Amino acid sequence: MVDADQTFVIVGGGLAGAKAAETLRAEGFTGRVILICDERDHPYERPPLSKGYLLGKEERDSVFVHEPAWYAANDIELHLGQTVDAIDRTARTVRFGEDGTVVRYDKLLLATGAEPRRLDIPGTDLAGVHHLRRLAHAERLKHVLTNLGRDNGHLVIAGAGWIGLEVAAAARAYGAEVTVVEHGPTPLHGVLGPELGGLFAELHREHGVRFHFGRRLTEIVGQDGMVLAARTDDGEEHPAHDVLAAIGAAPRTHLAETAGLEIADRAHGGGIVVDERLRTSDPAVYAAGDVVSFPHTLFGTRVRVEHWANALNGGPAAARSMLGHDVTYDRVPYFFSDQYDLGMEYSGWAPAGSYDQVVVRGDAGKREFIAFWVKDGRVLAGMNVNVWDVTDKIQRLIRSKARVNTESLADPHVPLDDLVS
């Protein structure tokens, strides 16, 4: 039973945490809400950091989830630049790392997100080595790309995932020279497979990006603290003034681990284990966003999703669950990307080995198509490329679990809704 004397604490000031706080108030919770953010910036959304803001098309203020005054107006106790270093589940308290302040909670939400994986090679301490996860990273990288473009400088990117490719597109827009080193055979190989991964390689090559596939960085060479080059495991040395490490992200589970909460194994993406209501192994502690491993009833497996929509929807779902609402979190995973003149949206869950064919509807050569990942005639995921207003239809098709005729699936003249029925 929730009452006005209760205190709900949210650890993590990203989109999931901010939307959870918003939902608590929207649902009528009148108790104390404490939101603890380890950054000094107000909660913000991350997609612009590698898209519109990085490209200079969006202003800095546009990334924030709420206006700064919103938190006080809604009686949210916002602690910026504060970390939590311990949870005492028996006493139901959290302890601030900076000054040791202890705050009691009735219910706790962990929305601690993820952090960039680090390159474990010589030279990563040089001034020109970057990551992209936080607003401060994006501000620094925006300045770097501006200078590289002005001076015909070289950027080497380790990793051809979504962040790596989006930064590559932004760097080329500024005029920088770009080299991407990727250990897989194509960009996004584990997500899209070889055919569609190859399409993204072609797109970037057309814009002047150089790829080195099947390679890893082994050393970043510098002088006087500055980057000079990047070496790969074939012995080749690539000119570089700056290096971006874009080799993925790891869930920030340390706080949960030290509190004794259950953590998923690596086969399920790591993350804090929750049930379908986003409750952890402690009934007073919930979790949401990038850090969560949750059982997805639609796909019949435990998943961890690092995309914007998971934070956008997971934070409110966790808040309603904390309030005692009947919640089943089973949103179809969704993300989007913009690179040059290509825009895409992806819905579903189809990791490597989970599907038996990819069906394309439309013209992949013109980059106007929908790709479907199919297993035993059922659609697991769909990606629309420069084709719009179809996401809801694709998600309905995925949710239906209907066996579809793949010829009809590939035929643009057959309405997607007809395949569901």
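Here is a yes/no grid of residues against (1) β-branched (Val, Ile, Thr); (2) surrounded by fewer than 16 Cβ atoms within 10 Å (Cβ to Cβ):
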position: Gly197; (1), (2): no, no
position: Phe200; (1), (2): no, no
position: Phe213; (1), (2): no, no
position: Ile220; (1), (2): yes, no
position: Asp224; (1), (2): no, yes
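Against the conditions (1) under 22 Å from the mean Cα position of the chain (by Cα); (2) part of a strand (DSSP E or B); (3) in contact (Cβ under 8 Å) with a residue 60 or more places away in the chain, Ala352 satisfies every one except (2). Of the strands (runs of 3 or more DSSP E) lying entirely inside the range 251-338, those containing at least 2 residues that are among the aliphatic types (A, V, I, L, M) and either open to solvent by 20 Å² or more (accessible area, probe 1.4 Å) or over 23 Å from Arg396 (Cα atoms) (or both) are 285-287. Leu126 fulfils the conditions (1) in contact (Cβ under 8 Å) with a residue 40 or more places away in the chain; (2) within 30 Å of Leu312 (Cβ to Cβ) except for a single criterion, (2). The set of residues in the range 232-250 being in a loop (DSSP other than H, G, I, E, B) and farther than 30 Å from Asp282 by Cβ consists of Asp233, Asp234, Gly235, Glu236, Ala240, His241, Ala246, Ile247. Would the range 126-145 turn up any residue that is open to solvent by 70 Å² or more (accessible area, probe 1.4 Å), at negative phi, assigned to a helix (DSSP H, G or I) and not acidic (Asp, Glu)? Checked against the condition, which is being open to solvent by 70 Å² or more (accessible area, probe 1.4 Å), at negative phi, assigned to a helix (DSSP H, G or I) and not acidic (Asp, Glu), the range 126-145 yields at least one hit. Just one of the listed residues (Ser321, Ser354, Ser347) is touching a Pro at 6+ places or on another chain (Cβ under 8 Å) and not hydrophobic (A, V, I, L, M, F, W, C), and it is Ser347.
There is at least one residue in the range 301-316 that is modelled with pLDDT under 95 and farther than 24 Å from Glu45 by Cα.
Of the listed requirements (1) surrounded by fewer than 17 Cβ atoms within 10 Å (Cβ to Cβ); (2) in contact with a Ser or Thr (Cβ under 8 Å, 6 or more places away or on another chain); (3) over 30 Å from Glu368 (Cβ atoms), Arg231 misses just one: (1). Filtering Val332, Val359 for residues that are under 27 Å from Val285 (Cα atoms) and touching a strand residue (DSSP E or B) at 6+ places or on another chain (Cβ under 6 Å) leaves a single hit, Val332.
The residues on offer are Thr90, Thr101, and the sole one that is more than 26 Å from Glu22 (Cβ to Cβ), open to solvent by 50 Å² or more (accessible area, probe 1.4 Å) and not small (Gly, Ala, Ser) is Thr90. In the range 401-421, the residues that are farther than 17 Å from Thr391 by Cα reach residues that are open to solvent by less than 80 Å² (accessible area, probe 1.4 Å) and assigned to a loop (DSSP other than H, G, I, E, B) with C-beta atoms within less than 7 angstrom, at least six apart or across chains, in these pairs: Arg403/Gly377; Val404/Gly377; Ser408/Val414. Has the range 158-172 got any residue that is part of a strand (DSSP E or B), modelled with pLDDT of 95 or more and at negative phi? Yes, there is a match, as at least one residue in the range 158-172 is part of a strand (DSSP E or B), modelled with pLDDT of 95 or more and at negative phi. The residue of the range 355-370 that is nearest to Ala410 (Cα to Cα), among those that are assigned to a strand (DSSP E or B) and open to solvent by 30 Å² or more (accessible area, probe 1.4 Å), is Val360.
The residue that is least open to solvent (accessible area, probe 1.4 Å), counting only those in the range 371-394 that are in a helix (DSSP H, G or I) and touching a residue at least 40 places away in the same chain (Cβ under 8 Å), is Ile394.
The values are calculated or read from the model by the stated rules, or taken from the named source; none is laboratory data. Quick caveat: nothing in here was measured; it's all calculated off a predicted structure. Reconstructed Cβ throughout: ideal geometry from the backbone, glycine too, with neighbour counts over all protein chains shown. The protein model used for the area step is the full one, side chains on, heavy atoms only, and it has no ligands, DNA or RNA in it. Shrake-Rupley method; radii C 1.70, N 1.55, O 1.52, S 1.80 Å.
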